[in-house]
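Below is one structure; the comments refer to it alone.
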Amino acid sequence: MYEMKDEQEKKFLLKNLLADNKAVFFISLLAAFSLWIWVSVYASPEAERIVANVKVNIDIDEKSIPAQMGLQIFGNKEFDANVTVTGPKYLISETALSAADIIIVPQYNTVTGPGGTRVQLTAALVNENRNIKLVSLSPATISLYFDTEKEAEFTIVPDIVPDIENIAEIGFISENPVLSASSVTVKGAASEVAKISKVSARVIVDEILGSTQSYPAELIPVDKNGNEVEYTDLELSVASVAVTIPIKKKMQLPATVDFINSPIKYLTEPLPFTVSPVTANIAVLPETAADLLDFSAGSVDFANIDSTVNTIKLPVSELKDITVLDDITEFAATIDARGMSKKLFNVSLENIDFLNKPDNVNVAPVAGEIKNVAAVGPEHSVSVLDAGGIYVEVDLADIDLISNAPIKVKANIYVKSVNDCWCFGQYMIEIKVE
């Protein structure tokens, strides 16, 4: 009796539930979703799809053949491939499977040495799934360049376009460009570095120059034929340099000389002198040209002037800021000191002055005096001069001071007690260092 009552109640509840539209809709939706899950997981058909642009990982493992041969990969290292996959549709859909889920690596077993080699590609899933098969790759191979690494230093050579001789205004000249760096270190594939003979600093000048100008220059490795070595993996220690193109103004001026270590009197009343050639065609910096009435062909040290007619050669190669355009290699300065007298002195080294002496060393002359120092000047001044008016200086700036070892150094000797005498000759003394 109770069983009949329970059954009647269940039928009543089911009848009421089916009469409720919302309940029916919910039941239908749940049934449909369950059916979709079942079909997708257990009854989904096999599908095929191409996963595009999967990146190729070309890192070299230390146990690989190229690594054991000391080879590296140079050149293009960015590759991708398309991977054809098969499997249940729900597993290989775009939302379920992306390029990040696949890894592609080269097989290096075909590498036998330096050079270009085609290597096979293989693909695998990052997370293994037996229901997904990787069917094919496109491309299936790639070309890689293997080589050892080499580093070498090369001279930087200016490359001015147009030609350096044709970029100065009329009445001006252009001189050899000056670079902010003279050399560069290049690192890369050994076979490519071996092709380089120099590195050009290329500058394109699109103006006519009337003054010195500086330009940034691109550095370009070139081979022995002047062709650019176009290899992407070459690393330069300096990316660019500044190229300065000096411009000078042409002039014709008389030549003179500068006197150094001159007694005070001869600063305003120079000794009689001449310079040969008397005039010369020169080129000077434009900013100084307007004030020039003559030019200095070189310097004459009073220590080289005896009480005679002195001829001193002044090489053109030692001139700075002045370019001699004539076909001459040297000037000759003739200084007439025949009206002077000369007297020899033994000069005490008690009051020697050491210039640029380090604070942590003691320096002293080995001998007590310098013998036969020649003093030159007017007769009346030389006659009253004594050794006490002659002083000695030694500049230690460029001297390698070795402890407890005698060192020979140049002694500069000056007359300080009168203003119209000087010391002629070159003198060396020994000093000791403590």
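Brief remarks follow.
- If the condition is being open to solvent by 60 Å² or more (accessible area, probe 1.4 Å), more than 23 Å from Glu175 (Cβ to Cβ) and not hydroxyl-bearing (Ser, Thr, Tyr), then the stretch 206-260 contributes Lys224, Asn225, Asn227, Glu228, Glu230, Glu235, Ala239, Ile260.
- Scanning the stretch 69-101 for residues that are β-branched (Val, Ile, Thr) and open to solvent by 10 Å² or more (accessible area, probe 1.4 Å) yields a total of 4.
- A Cβ distance below 7 Å, combined with a sequence gap of six or more or placement on separate chains, defines the contacts here; from the stretch 249-268, residues that are without any contact (Cβ under 8 Å) to a residue 60 or more places away in the chain and within 30 Å of Thr212 (Cβ to Cβ) reach residues that are among the charged types (D, E, K, R) and open to solvent by 60 Å² or more (accessible area, probe 1.4 Å) in the pairs Leu253/Asp294; Pro254/Asp294; Thr256/Asp294.
- Listed by position, the strands (runs of 3 or more DSSP E) contained in the stretch 328-373 that have at least 1 residues being in contact with a strand residue (DSSP E or B) (Cβ under 8 Å, 6 or more places away or on another chain) and among the charged types (D, E, K, R) are 330-336, 341-348, 353-355.
- Listed here are the strands (runs of 3 or more DSSP E) enclosed by the stretch 271-316 that have at least 1 residues being more than 28 Å from Ser211 (Cα to Cα) and over 40 Å from the mean Cα position of the chain (by Cα): 273-276, 309-315.
- Residues satisfying the stated conditions in the stretch 102-149, i.e. within 26 Å of Ser191 (Cα to Cα), surrounded by fewer than 18 Cβ atoms within 10 Å (Cβ to Cβ) and not charged (D, E, K, R): Val105, Gln107, Asn109, Thr110, Thr112, Gly113, Gly115, Gly116, Gln120, Thr141, Ser143, Thr148
- 2 or more residues touching a residue at least 40 places away in the same chain (Cβ under 8 Å) and within 13 Å of Thr244 (Cα to Cα): qualifying strands (runs of 3 or more DSSP E) within the stretch 157-213: 198-204
- Options Ala194, Ala201; residue that is at pLDDT 90 or above and open to solvent by less than 40 Å² (accessible area, probe 1.4 Å): Ala201
- For the stretch 393-411, a tally of residues being crowded, with 18+ Cβ neighbours inside 10 Å and either hydroxyl-bearing (Ser, Thr, Tyr) or in contact (Cβ under 8 Å) with a residue 24 or more places away in the chain (or both) returns 3.
The values are calculated or read from the model by the stated rules, or taken from the named source; none is laboratory data. Keep in mind that what you see is a predicted model, and the values were worked out from it rather than measured. Counting neighbours? That spans all protein chains shown, and the Cβs are built from the backbone with ideal geometry, glycine included. Calculation scope for accessible area: heavy atoms of the full protein, side chains included, ligands and nucleic acids excluded. Shrake-Rupley method; radii C 1.70, N 1.55, O 1.52, S 1.80 Å.
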